[in-house]
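The values are calculated or read from the model by the stated rules, or taken from the named source; none is laboratory data. Note that this is a predicted model, so its numbers are computed, not measured. For neighbour counting, all protein chains shown are included, and Cβ atoms are generated from backbone atoms with ideal geometry for every residue, glycine included. Please note that ligands, DNA and RNA were not included when accessible areas were found on the heavy atoms of the full protein model with its side chains. Shrake-Rupley method; radii C 1.70, N 1.55, O 1.52, S 1.80 Å.
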Amino acid sequence: MGEENQVIENKPALYKGLLNSDALYNYILETNVFPREHPCLKELREMTEIHSQGIMLIPADEGQFLSLLIKLMNAKKTMEIGVYTGYSLLSTALALPSDGTILALDISREYFELGLPMIKKAGVDHKIEFREGPAVDLLDEILQDENNKGAFDFIFVDADKNNYLNYHKRVIELVKVGGLIGYDNTLWCGSVVAPPDTIIYETIRNLREYVIEFNKYIAQDSRFEVCLVSIGDGITLCRRIK
């Protein structure tokens, strides 16, 4: 097998996904996703795609998927761990009712500030409370208030993969029974099944084992119904049942 067929690499944000055909993925985007994309989401996506860290952008079809989930759940109180420029955040804010809320946690406001003008233009910034700092520490603070336990309808986690298990052990107390947690990037560019001799970019290789460990843990967590959806880079949905 040639080296070009062995490399697990980051694709451009527009084509972030595991479909074998870029043409098929473009068909999904052009037929169903982009025609329904809110203008402010489009502006935010296009701005982020040319950013130096644009690979961290969730794909537009995943944003559409999250929006539909939130509406189907009639979610009102949500949380996002890992914000970046805010594409998933804006997707959520637009899907929530007028009195819905998002508690957004990120290590830094820097990238969030880039997307904030589009969030304000969409008229949904009042739904968002942004807290800056290490998410584990912020979650511990949130858990100190008993009123927060079991209070969240939906939690989306798209942050440092080496802390996914640490986040999970905390957000289980915050999401309500019947509520949903979504963990992004759980197929990790397909590297979770990469053969030993596969050439993998360092940024992917360094976190691969954390993702594999997390997936094994979640698969056996009896407190949840679990579904790993092969959209984008993989998103694991966990519905709390006890």
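In the range 163-172, which residues are open to solvent by 20 Å² or more (accessible area, probe 1.4 Å) and either closer than 21 Å to residue 109 by Cα or without any contact (Cβ under 8 Å) to a residue 40 or more places away in the chain (or both)?
Those that are open to solvent by 20 Å² or more (accessible area, probe 1.4 Å) and either closer than 21 Å to residue 109 by Cα or without any contact (Cβ under 8 Å) to a residue 40 or more places away in the chain (or both): 163, 166, 169, 170.
Assuming residue 176 fulfils every condition listed in (1) closer than 24 Å to residue 223 by Cβ; (2) among the basic types (Lys, Arg); (3) out of contact with any Gly (no Cβ under 6 Å at 6 or more places or on another chain); (4) surrounded by fewer than 18 Cβ atoms within 10 Å (Cβ to Cβ) apart from one, which condition is it?
Among (1) closer than 24 Å to residue 223 by Cβ; (2) among the basic types (Lys, Arg); (3) out of contact with any Gly (no Cβ under 6 Å at 6 or more places or on another chain); (4) surrounded by fewer than 18 Cβ atoms within 10 Å (Cβ to Cβ), the lone unmet condition for residue 176 is (3).
Which members of the range 198-212 meet the condition of being open to solvent by 100 Å² or more (accessible area, probe 1.4 Å) and in a loop (DSSP other than H, G, I, E, B)?
If the condition is that a residue be open to solvent by 100 Å² or more (accessible area, probe 1.4 Å) and in a loop (DSSP other than H, G, I, E, B), then 201 is the only one that fits.
Is it the case, given these coordinates, that residue 155 is over 17 Å from the mean Cα position of the chain (by Cα), within 23 Å of residue 107 (Cα to Cα) and open to solvent by less than 10 Å² (accessible area, probe 1.4 Å)?
For residue 155, the condition - over 17 Å from the mean Cα position of the chain (by Cα), within 23 Å of residue 107 (Cα to Cα) and open to solvent by less than 10 Å² (accessible area, probe 1.4 Å) - is not met.
From the residues in the range 102-148 that are in a helix (DSSP H, G or I) and basic (Lys, Arg), which one is nearest to residue 173 (Cα to Cα)?
This residue is 127.
I'd like the full set of residues that are more than 30 Å from residue 201 (Cα to Cα) and in contact (Cβ under 8 Å) with a residue 40 or more places away in the chain, limited to the range 173-189.
Those that are more than 30 Å from residue 201 (Cα to Cα) and in contact (Cβ under 8 Å) with a residue 40 or more places away in the chain: 174, 175, 176, 177, 178, 179, 180.
Conditions (1) open to solvent by less than 10 Å² (accessible area, probe 1.4 Å); (2) within 14 Å of the chain's Cα centre (by Cα); (3) not charged (D, E, K, R), marked per residue:
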site: 74; (1), (2), (3): no, no, yes
site: 81; (1), (2), (3): yes, yes, yes
site: 101; (1), (2), (3): no, no, yes
site: 106; (1), (2), (3): no, yes, no
site: 116; (1), (2), (3): no, no, yes
site: 121; (1), (2), (3): no, no, no
site: 125; (1), (2), (3): no, no, no
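Counting only residues that are open to solvent by less than 30 Å² (accessible area, probe 1.4 Å) and touching a helix residue (DSSP H, G or I) at 6+ places or on another chain (Cβ under 9 Å), how many does the range 137-147 have?
Within the range 137-147, residues that are open to solvent by less than 30 Å² (accessible area, probe 1.4 Å) and touching a helix residue (DSSP H, G or I) at 6+ places or on another chain (Cβ under 9 Å) number 3.
Do we find a residue being in a loop (DSSP other than H, G, I, E, B) and not acidic (Asp, Glu) anywhere in the range 160-171?
Within the range 160-171, none of the residues are in a loop (DSSP other than H, G, I, E, B) and not acidic (Asp, Glu).
For residue 62, only one of the following conditions fails: (1) over 25 Å from residue 201 (Cα atoms); (2) in a helix (DSSP H, G or I); (3) within 12 Å of the chain's Cα centre (by Cα). What is its number?
So residue 62 meets the others, but not (1).
Quick grid of which residues meet (1) in a helix (DSSP H, G or I); (2) surrounded by fewer than 23 Cβ atoms within 10 Å (Cβ to Cβ); (3) small (Gly, Ala, Ser):
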| site | (1), (2), (3) |
| --- | --- |
| 42 | yes, yes, no |
| 45 | yes, no, no |
| 51 | no, yes, no |
| 55 | yes, yes, no |
| 90 | yes, no, no |
